[in-house]
Amino acid sequence: MWRAWGLLAAAVVASAGVLWWAGKGEPAYDWGIDARIPAPPVPADNPMSAAKVALGRRLFYDRRLSINGTMACATCHIQTLAFTDGRPVSIGATGEAHPRAAMSLVNVAYASRLTWANNLLSRIEDQALIPLFSEHPVEMGMNGRDDAIAALLREDPLYRERVAEVFPQDEDPYSVLNAVNAIAAFVRSIVSFDSPYDAFLRGDTDALSPAAQRGMALFFSERFECFHCHGGFNFTDSSTHANATIESVGFHNNGLYNLDGDGAYPPDNTGLIDLTGQRRDMGRFKAPSLRNVAVTAPYMHDGSLATLDDVLDHYAAGGRLLADGPLAGDGRRNPFKSEFVRGFEMTAVERADLLAFLRSLTDERVLTDERWSDPF
Amino acid sequence: MSISPFPRLLVLCGLLAGCGPADVPFELRFAAASGNAPVDCAGRLADLRFYVTDLAVLRPDGGRARVDLAANGRWQGQGIGLIDLEDGTGSCANGTPDGNDRLVGRVPPGDVAGLSFVIGVPFASNHADPLAAAAPLDDMSMHWHWRSGYKFLRAAATDGKRRVSVHLGSAGCRGAVTAIEGCNFPNRVAVTLPDWRPGKSVTVDLGQLLEAVPVGAEPVTHCESGPADPACAGLMPVFGFDVASGAQVMPQRVFRTGP
């Protein structure tokens, strides 16, 4: 109720201040991307600002947002690894292993759905609550410690000042909501279109080696089928942007497992079926963006493929045969497998060309740019 | 059907807090048990928190009288009550120190022939932004971020031979966060207790959940309402649910009239 009144009051103040704002010529948020590239969508209730992004950057790197002060968002999202953590699966603050690998945050602002297999999550603001508060497994371990987050904002001298500046309309701005809004704004700001591939698209024909150019042709060919799931400007079919008129969302079973011959994935990692309960969703995961893929090893939702060579072998075979062990099974014959994972023949030169293309998707700037680096 | 102004006024009064001067105080206590033995954080209990909504007393003629749960800024509000029977000590390691074992409100006077309530959060509130929610929906421990709704009930217990843990909430939801269209497995538990009378409590029998778990199966049988999760297959029927359809096809067995 108070929140509603606060919004109403803010609206009144805002309409009174429109002329003043117009006179000031307050610039729109600068994404730092080529003007031909559409901006990412931004929720109406969490607009971008440079000050909010700066606040979120500090929170993103702040280990006090974990149960024992050992872990920040950045612990599993390391800038030099395109905001992944280099592990097969991530480890939480209390030592629990997550069943899945940390996903890259580069261009996650353009993701139409978030995490590896969730058909409901579309806003970073909602997704951020999972690592902060989840219990199975514990990630940052802040469940039941909402008050500690609010207290951190209120009591740390720098946060105390900055939070009030960024959220001036709030009677009490020291809230989990505002912490999450700032972190989401920072994560949303991590956009990158400066790889050699992007330079090539802009007309710099020397940006890609002849091998990478040949690899690009293979990548976008019907023979290799890569682009069906990893297509579009962000190399994933679960992409959107501010001007998008249709929403693209995709989940795919790529034949990694087949425990029982009926398509079963390991019970702690079954994919979209976990959400929907529908059999057809067994083993279906989101195709991650391939931007910066050369620095995000190991691969797949559970980090079970160590190198890009292994990934090419996997798709060349049309899935994975695990001959023995607790996860044994012929993923190539998974009945829920995507029709695009059919396997292909690949010469040594073609393999090298595809790898050269995949490496051309690395944007060295996003891995080092100070805007997204550790401020502590 | 003709509607005179007078009954309309009565209906309106039934919806407003404290408007019926003849309403009588109502109190309902909950207690955790395994079978007939009380359980607590000294060993057998690990977690027990749940939302109660649509609370009503039953009349001998089959009618219902809604209990008005006055908002108190923490445990009750929006017609929803939160019961928290763990105190964060001992075997309830991941719990919270504060707790609430009762619902208080007012109900129109009259003969009582039972009690009914729902374990859950109404659909409209269930999928709203938890960070903007009012009590009792502002408790982040009760929100289930990846399922985009609340944990209606979180229960965990052991009988020394086996351990069970259940997070019950809506699953198989469609749409996107902030615009959920519906859920194929709503998982709201309707409870009807015909033998309940004023002054009686409600016993939450976690033994029913423990008995649904095979001894020595695994360290903890943990069900997160996954419609296809084998860990839930034996547990959802205890709440009356058909595993395949998600429909409540039989009476639940966890809540019963207590002393």
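Read-outs: derived from the displayed coordinates by stated rules, not from any lab. None of the values given here were measured: they were computed from a predicted structure. Here the Cβ is made from the backbone with ideal geometry for all residues, glycine too, and neighbour counts use every protein chain on show.
Quick notes on this one:
- Dimensionless Rg over Rh [chain A; C-alpha; Kirkwood]: 0.99
- Dipole in debye (nearest 20) - chain B, about Cα centre, beta carbon charges: Lys, Arg +1; Asp, Glu -1: 380
- Neighbourhood net charge (15 Å Cβ-Cβ; Lys/Arg +1, Asp/Glu -1) for A:G95: -3
- Longest site-free stretch - chain A; sites: GluC sites (Glu not before Pro), DSSP loop, at most 10 other Cβ within 10 Å: A:1-170
- Backbone geometry of the stretch B:163-174 corresponds, through the Karplus equation with coefficients 6.51, -1.76 and 1.60 at θ = phi - 60°, to 3J(HN,Hα) couplings of 10, 10, 9, 10, 10, 9, x, 5, 9, x, 7, 10 Hz, x marking Gly and Pro.
- With R₀ fixed at 56 Å, the C-beta to C-beta distance from A:A217 to A:E161 puts the FRET efficiency at about 0.55.
- The protein assembly as shown: calculated mean residue ellipticity at 222 nm from DSSP helix runs of at least 4, using -39500 (n - 2.57): -6500 deg cm²/dmol
- Using alpha carbons only: equivalent-ellipsoid semi-axes of the stretch A:280-376, gyration tensor based, whole Å: 29, 18, 12
- Selection from B:C232, B:N100, A:T296, by position along the positive dipole direction of the protein assembly as shown (Cβ): B:N100
- Axis of helix B:5-15 versus longest Cα principal axis of chain B: the two differ by about 30°, to the nearest ten degrees.
- Electrostatic dipole magnitude of the protein assembly as shown [Cβ: Lys, Arg +1; Asp, Glu -1; Cα centre; debye, to 20]: 1080
- Size descriptor, Kirkwood hydrodynamic radius, that averages inverse alpha-carbon separations across the stretch B:27-257, Å: 17.9
- Over the stretch A:172-233, all Cα pairs binned in 10 Å intervals from 0 give whole-percent P(r) values of 18, 29, 22, 16, 12, 3, listed from short to long.
- Charge dipole (debye, nearest 20) of the stretch B:68-222; +1 at Cβ of Lys and Arg, -1 at Cβ of Asp and Glu: 220
- If you count Lys pairs in the protein assembly as shown whose Cα atoms are under 27 Å apart, skipping same-chain pairs closer than 8 places in sequence, the total is 5.
- With the gyration tensor restricted to C-alpha atoms of the protein assembly as shown, the semi-axes of the equivalent ellipsoid amount to 47, 32, 22 Å, longest first.
- Alpha-carbon Rg with Dmax, taken over the stretch A:196-363, Å: 16.6, 51
- Mean projected area in nm² (Cα convex hull; one quarter of hull surface) for the stretch B:51-110: 5.1
- Cα point-scatterer Debye curve for the stretch B:135-198, base-10 log of I(q)/I(0) at q = 0.19, 0.24 Å⁻¹: -0.88, -1.05
- Chain A: DSSP helices with Cα axial extent of at least 30 Å and average Kyte-Doolittle hydropathy no lower than -1.0: A:2-24
- Backbone N under 17 Å from the A:A244 label point (7 Å along Cα→Cβ), restricted to the stretch A:35-73: A:37-44
- Taking amide H as placed 1.01 Å from N in the peptide plane, the amide H of A:A306 sits under 5 Å from that of A:Y299, each at least 5 places away or on another chain.
- Virtual spin-label span in nm between A:E370 and B:F123, 7 Å along Cα→Cβ: 5.4
- Placing unit charges on each Cβ (+1 for Lys and Arg, -1 for Asp and Glu) gives the stretch A:196-363 a dipole about its Cα centre, and among A:T347, A:L259, A:S248 the Cα reaching farthest toward its positive end belongs to A:S248.
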